[in-house]
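Throughout, read-outs are computed from the coordinates displayed, never taken from laboratory work. Just so you know, these numbers come straight off a predicted model, no measurement behind them. Here the Cβ positions follow ideal geometry from the backbone for every residue, glycine too, while neighbour counts run over all protein chains shown.
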Amino acid sequence: MTQNGEGGHDGKILVRVDPDVADLIPGFLAMQEALVQSDYETIRVLGHSMKGAGGGYGFEAITEIGAALEQAAKGKSSETIRRWIGELSAYLDRVEVIYE
């Protein structure tokens, strides 16, 4: 697993991961629905999981965003959660995953 910190063409962030973890990536997107439902516990758990798994899979930014989301969910701060979900979305829009 490697991450091209400089970004690829068109501002893409290239991340090479093992195909066995492909099914974990869409799970990160569930937070938007949890926020709509004011389900802070789900956001906290997902943020905690992101914090733990992100770096191990080559997604260092996911670790940082996950930690911030976990803390915001503990404080039930909808605005902060919304901002970090936006950061997550912007990151995921730029990530290009290459399975090796």
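Summary of values
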item	result
Within the range 24-94: Cβ-based charge dipole about Cα centre, in debye rounded to nearest 20 (Lys, Arg +1; Asp, Glu -1)	120
Over the range 24-94: Rg over Rh, Cα atoms, Kirkwood Rh	0.92
Hits among lysines - C-alpha to C-alpha of K51 under 16 Å, sequence gap 8 or more where chains match	K74
Highest to lowest packing among 79-92, 38-51, scored as the average C-beta count within 10 Å	38-51, 79-92
Gained length - E100 relative to E87, 0.36 nm times residue gap less alpha-carbon distance	2.0 nm
Under 19 Å from K12, Cα to Cα: aspartates and glutamates that are on another chain or at least 8 residues apart	E60, E64, E87, D93, E96, E100
